[in-house]
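The values are calculated or read from the model by the stated rules, or taken from the named source; none is laboratory data. Given the structure is predicted, the values throughout are model-derived calculations rather than measurements. All Cβ positions, glycine included, derive from the backbone under ideal geometry; neighbour counts span all protein chains shown.
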Amino acid sequence: MPDIESLLKERRSFKPSADFSRQANWNKRTTSEYRKLGEKNPTKFWAKMAKENVDWFKPWTKVLDWKPPFAKWFVGAKTNVSYNCLDRHLEGPNAWRKNKAAIIWEGEPGDTRTITYAELHKDVCRFANVLKSQGIKKGDRVCLYMPMVPELAIAMLACTRIGAPHSIVFGGFSAEALSDRINDAQAKLVVTADGGYRKGAAFGLKEMVDAAVAKSPCVETVVVVARTNQDVEMKSGRDLWWHELMADASTNCPPAKLDAEHPLFILYTSGTTGNPKGILHTTGGYLTHVATTFKAIFDIKDDDVYWCTADIGWITGHSYVVYGPLANGATTLMYEGTPTEPGPDRWWSLIEKWGVSIFYTAPTAIRTFIRLGDEHPKSHDLSSLRLLGSVGEPINPEAWMWYHRVIGGKRCPIVDTWWQTETGGIMISPLPGAIDTKPGSATKPFPGIHANIFDEEGNATTGEAGGFLVLTHPWPGMLRGIWGDKKRFKETYWGKYDNTYFAGDGAHRDKSGYFWIIGRIDDVMNVSGHRIGTMEVESALVSSTDVAEAAVVGRPDEITGTAIVAFVSPKATTTADDALVARLKKHVTKEIGAIARPTEIRFTNALPKTRSGKIMRRLLRDIASGRDVAGDTSTLEDFSVLAKLRESEED
Ligand code: WTA
């Protein structure tokens, strides 16, 4: 994570080329008009965007109904997300797009599929009919637990076509985590695959679903895509093959005319407690937000090949692999596997092979490639690229400069986009033809977005300032709640300041009004751009029979941004040794998934606590970062002296 001292010394600034600015979807003039309108009248601005970028079956009677913290956008309007992503590219002035590639997909082994808008439309209608035939009705939840295959996008769009909210669970989560999420959403149907490819081998997913569904009685049906053709058990009366169902399904399925506030999807994300939150997004506002930001920030043109490397299991994949691009009739590239398989140049070879012109990835990946060496990108022709993006974590200026120089050939603007699962779409970002970029800054809020920085006391700041990042006006893509938990929704996001959304990030604004995001200031870690709650890992650890108590903190890591360090006090009957380290890492993987596995586990007799019994997290963070004593993994460390020294400070 970049520290604020070095960020504030950053003086480099890059102008977009005159050529880029001239052809930009939003040039300097439009952007400045929109900024003014969005500043003065955000609802008017968003209503204009909703008219321009989304097709509606019925207009709204009111743009925004705001009863803090509950917002309704485009009240009374009716639309359908799959209609906007598919049907409108097959008829009217854009009918020529029917034979345009909607999805270009490449599997890790090198197999490929190109799916046109007309073909995608057919498959989506077929699967929507499959869902209906399995008893899925408007409002029923469908869980998608899949590898990065086109069937995932097809299933999402099919859900939106009939108004069944989807809940996608990233394929790296364990059976335990999957079951928790299925139960929380009470999903009736799960779509999965036999497996997928990663790191040169097939992994299994169906067995995870079997284990999860054993604990999730709400699930009636499991639909399985054959991807790897490995052996799987199919339970009769419950499990059905995707290809068999699709073979018999009709391609005729009119889109449901859904209320703008109809639930579109739930996506679970980590918070500061052990239980993940089901973030709820709805139809019209979300679509308006992602369609508009995609068009403006990624400057999409009909001949672009756009590639966002995120897995669809995360919000970036929802908004900017599937919905934003398809709503704009773009060609979106999907890649199934690991970035370095079969070699460290796989990504660059994909850019060259498919002529990718817009590329959106995460700082962790960029830092990994810096370490692998410039020769890999340099061995490929990357001249098709014209725009680069970054998301998920703060990008340190050095990584930005490398991205600019080695990948962008110094000619591509970089859009560093700040947003969250909760915001639905991008909130702070350069408009690439209209603003000078500075390495490490997400620049300014998107027009119509009212972001500010509040100080420790909760006062709004102006001009140059540092503090907590907040949003002071509702926006169309904002979360509408936490699934089944109004109280937590109010407390987490709206409890700190009146009528103001608290993002949980620290930020700084410089003299020219540019935002520099520092990262999470709560007990959420950002590991390789993925959010993981310290409490989640702690509850996984203490659920092991070996552990009496555990505290988890993040420490800065050059590649992943944050590394997970667990301080564990073992039960008296357990020996603290390397075997226990291995056992606990495996246990966390089983409880949550490999993404939450601690990098380091340190054993201690007792966790350092204040007089009032609070774990001294700041002390542990310092110890984990090596700012204080460091011990040997297999001996029990004693922090009591350090704790005494610090006591007054943390109590
Ligand atoms: C962090 C991912 C700095 C931030 C879209 C936020 C960023 C969390 C940036 C949300 C950025 C995201 N610069 N930090 N450009 N983008 N973050 O929900 O801490 O997976 O709160 O959404 O990622 O993570 P989430």
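Tabulated data
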quantity: Scope segment 310-346; condition β-branched (Val, Ile, Thr) and touching a strand residue (DSSP E or B) at 6+ places or on another chain (Cβ under 9 Å); matching residues; calculated: ILE312, ILE315, THR316, VAL321, VAL322, THR331, THR332, THR338
quantity: Filter pass, TRP66 being buried (at least 16 other Cβ atoms within 10 Å of the Cβ) and either β-branched (Val, Ile, Thr) or in a strand (DSSP E or B) (or both); calculated: no
quantity: Qualifying residue in segment 34-47 (condition: out of contact with any Pro (no Cβ under 6 Å at 6 or more places or on another chain), of a type in the set (Val, Ile, Thr) and buried (at least 20 other Cβ atoms within 10 Å of the Cβ)); calculated: no
quantity: Segment 287-316, subset under 16 Å from the mean Cα position of the chain (by Cα) and of a type in the set (Ser, Thr, Tyr), residue nearest to GLU106 (Cα to Cα); calculated: THR309
quantity: Check on ASP505, within 16 Å of the ligand (Cβ to nearest atom), closer than 29 Å to PRO447 by Cα, not in a strand (DSSP E or B) and not aliphatic (A, V, I, L, M); calculated: no
quantity: Tally, over segment 595-614, of residues that are more than 30 Å from the chain's Cα centre (by Cα) and of a type outside the set (D, E, K, R); calculated: 9
quantity: ASP628 modelled with pLDDT under 95 and part of a helix (DSSP H, G or I); calculated: no
quantity: Strands (runs of 3 or more DSSP E) (entirely within segment 383-493) containing at least 1 residues that are more than 24 Å from LEU287 (Cβ to Cβ) and more than 15 Å from the ligand (Cβ to nearest atom); calculated: 451-454, 465-471
quantity: Pair list, Cβ < 9 Å and 6+ apart or interchain, from segment 406-426 residues that are touching a residue at least 12 places away in the same chain (Cβ under 8 Å) to residues that are within 10 Å of the ligand (Cβ to nearest atom) and acidic (Asp, Glu); calculated: TRP418/ASP505; GLN420/ASP505
quantity: Subset of segment 328-351 (residues that are under 15 Å from THR114 (Cα atoms) and among the charged types (D, E, K, R)); calculated: GLU336
quantity: Residue within segment 436-452 that is within 19 Å of the chain's Cα centre (by Cα) and crowded, with 23+ Cβ neighbours inside 10 Å present; calculated: yes
quantity: Condition check for THR112: among the polar types (S, T, N, Q), surrounded by fewer than 16 Cβ atoms within 10 Å (Cβ to Cβ) and without any contact (Cβ under 8 Å) to a residue 60 or more places away in the chain; calculated: yes
quantity: Total residues in segment 515-535, condition within 10 Å of the ligand (Cβ to nearest atom) and either part of a loop (DSSP other than H, G, I, E, B) or closer than 30 Å to SER13 by Cβ (or both); calculated: 10
